[in-house]
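Asks: The structure is given below, and queries will be raised subsequently.
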Amino acid sequence: MNITAKICGINDAVAMHTAIDAGAHFVGLVFYPPSPRALEIDAAAALADPVPAGVTKVGLFVDPDDTLLDRVRDKVSLDMVQLHGAESPERCRSIRVRTGLPVMKAIKVASADDLAAADDYDGAVDWLMFDAKAPADMANALPGGNALAFDWTLLAGRDWPVPWMLAGGINAGNVAEAVAASGATVIDVSSGVEVAPGRKDPAQIRAFLAKIARLSRVSC
């Protein structure tokens, strides 16, 4: 089983170079200003332009309007749009048409009941992501990147008509457990490779991707 990874919330050239050099298959750029990982459009373009073919550049948005989508699409060479807000299936379809890019929808999970939401997006998106739902009383919670995990076994044995990623509270120390419990083959990490919110640590990026590579070798 081939295990791959997305390093999300990259906001500096050192982190981008490290992620690519260490074997990330996906890199994420955040276009959501409340996030400590958010980028201005010109800065995102400068980070995206040198990314080699074969590494998928994902733009993360939270309930974006068309103006923002158009401004980013005009300047940043994205390969995929990730929607991490309350976007409906209809909105996901319209964004896919407007941008001409594949769309990934994040499904926020706290219990098995939350997984049913994924079925609503059948035919509307190209990827799914399962991330932890922040509790209602969590102060300053973001749509993602809160270093929270959910019960990964909820995903075990489940299947969807599109590929999916696992996110939420994952780091080099627990990624093997996350893969074994969920059956995920693509893992998304953001806060799990940071020294502080929005500050990626090259050493942690390398350690995480080295663990991903070892998991792939073991599972082959």
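Asks: Need the list of lysines near K211 for cross-linking: C-alpha distance under 27 angstrom, and skip anything on the same chain fewer than eight residues off.
Replies: Correct list for K211: K6, K57, K105, K108, K133, K200.
Asks: Next question. Taking just the C-alpha trace of the chain, give me its Rg and Dmax in Å.
Replies: Rg then Dmax for the chain, in Å: 16.0, 46.
Asks: Please compute the contact order of region 1-140 in relative form: average sequence separation of alpha-carbon pairs under 8 Å and at least six residues apart, divided by the residue count, as a percent.
Replies: 16 percent
Asks: On to the next question. Using per-residue counts of other Cβ atoms within 10 Å, averaged over each peptide, order 62-70, 210-218 from highest down. Could you put the intermediate results ahead of the total?
Replies: Values: 62-70: 14.3, 210-218: 16.0.
The peptides rank, most packed first, as 210-218, 62-70.
Asks: Between D12 and R217, what is the label-point separation in nm under the 7 Å Cα-to-beta-carbon projection?
Replies: That separation, rounded to one decimal, is 3.0 nm.
Asks: Mind listing the long-range amide H neighbours of I107? Cut-off is under 5 Å, sequence gap 5 or more, other chains count too, H placed in the peptide plane at 1.01 Å from N.
Replies: Sorted by chain and number, the residues that satisfy this are M129, F130, D131.
Asks: Let me ask something else. How much length would be gained if the chain were fully extended between A86 and A176, taking 0.36 nm per residue of separation minus their Cα-Cα distance, in nm to one decimal?
Replies: Between A86 and A176, full extension yields an extra 29.4 nm.
Asks: Now for a different question. Between E40 and R93, what length comes free when the chain is fully extended (0.36 nm per residue of separation minus the Cα-Cα distance, one decimal in nm)?
Replies: Between E40 and R93, full extension yields 16.5 nm more.
Asks: Solvent-accessible area per residue for the chain at a 1.4 Å probe radius, Å²?
Replies: Working: 9510 Å² over 220 residues.
Accessible area per residue: 43 Å².
Asks: At a 10 angstrom cut-off on C-beta neighbours, averaged per residue, how do the peptides 174-182, 71-79 rank from highest to lowest?
Replies: Order by mean packing, descending: 174-182, 71-79.
Asks: Continuing with this model, one more query. Any chance you could check the Cα centroid distance between region 39-58 and region 1-35 for me, in angstrom?
Replies: Result: 10 Å between the Cα centres.
Asks: For the pair L68/D114, report the inter-label distance in nm, with labels modelled 7 Å from Cα in the Cβ direction.
Replies: Result: 2.1 nm between the two label points.
Asks: Carbon and sulfur together cover what percent of the accessible area of region 13-90 at a 1.4 Å probe radius?
Replies: So the carbon and sulfur contribution to the accessible surface is 53 percent.
The values are calculated or read from the model by the stated rules, or taken from the named source; none is laboratory data. Note that the coordinates shown come from a computational prediction; the quantities given were computed from them, not determined experimentally. Virtual Cβ from ideal backbone geometry, glycine too; neighbours counted across all protein chains shown. The protein model used for the area step is the full one, side chains on, heavy atoms only, and it has no ligands, DNA or RNA in it. Shrake-Rupley method; radii C 1.70, N 1.55, O 1.52, S 1.80 Å.
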